[in-house]
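Comments concern the structure below.
What follows is calculated from the coordinates using simple rules that are stated; it is not laboratory data. Predicted model only: the values in this text are computed from it and were never measured. As a convention, Cβ positions derive from the backbone with ideal geometry for all residues, glycine included, and neighbour counts pool all protein chains shown.
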Amino acid sequence: MRLELLSAVLCFVATASGARCPLGFHLHRRSCYWFSNVKGSFPEVAAYCRYLESHLVVVSSAVEDSFIRGYAIRRGKAPMYWLGATDLNIEGRWLWEGQRRMNYTHWNPRQPDNYRGVEHCLEIAKAASNYLWNDYVCDQPLHFICEKEL
Ligand SMILES: [Ca+2]
Ligand SMILES: [Ca+2]
């Protein structure tokens, strides 16, 4: 009887821990990630993530970067994704979510180049770079990645 109760509790704990991420999000370490199946401009997709009670992904370590790029390469269906950083406030000063400094970066060689003076949002593209970082025009409609910390 007591053993049955214990196994029932363990089963409940296992189910609960496996269900911590919102539907469609993928767990990695202490965060849940959603690789979108829709596209939008940078401000539009930031709003999508907020609607899903998350934010555009903040990539703050090599481990997180490897997960994001690995997932995009193996399972992603989109050629490009928005990440959650811009240099909108001051040209050349890249901030996560408009506030946090970048301690980790993984730019494609020769990026960010602020091409034609109008690239202020961070994206990753499969073509040529296998999802290394690039600055791009914010109003282009791209897929995106949302993150929700546990
Ligand atoms: Ca720029
Ligand atoms: Ca660029």
- line: Taking 64-70, 46-52 and ranking on average Cβ neighbours within 10 Å, highest first, one gets 64-70, 46-52
field: Helical mean residue ellipticity (222 nm; -39500 (n - 2.57) per DSSP H run of 4+; nearest 500) of the chain
entry: -8500 deg cm²/dmol
message: Give me, ordered by chain and number, the residues 5 or more places off residue 107 or on other chains with an amide H under 5 Å from its own placed amide H.
response: 133
- line: Under the Karplus relation with 6.51, -1.76 and 1.60 and θ = phi - 60°, whole-Hz ³J(HN,Hα) for region 71-77, x at Gly and Pro, equal 5, 4, 5, 7, 10, x, 10
field: Residues with amide H under 5 Å from that of residue 27, placed H, sequence gap 5 or more
entry: 33
- prompt: Short version: ³J(HN,Hα) in whole Hz for each residue of region 124-138, in order, from phi by Karplus 6.51 cos²θ - 1.76 cosθ + 1.60 (θ = phi - 60°), x for Gly and Pro, what are they?
  reply: 10, 10, 5, 4, 6, 10, 6, 6, 7, 7, 8, 8, 8, 6, 4
statement: Expected sort for 134-140, 124-130 on mean C-beta neighbours within 10 Å, highest first, is 134-140, 124-130
- line: Between the Cα axis of helix 42-51 and the main Cα principal axis of the chain, the angle (0 to 90°, nearest 10) is 20
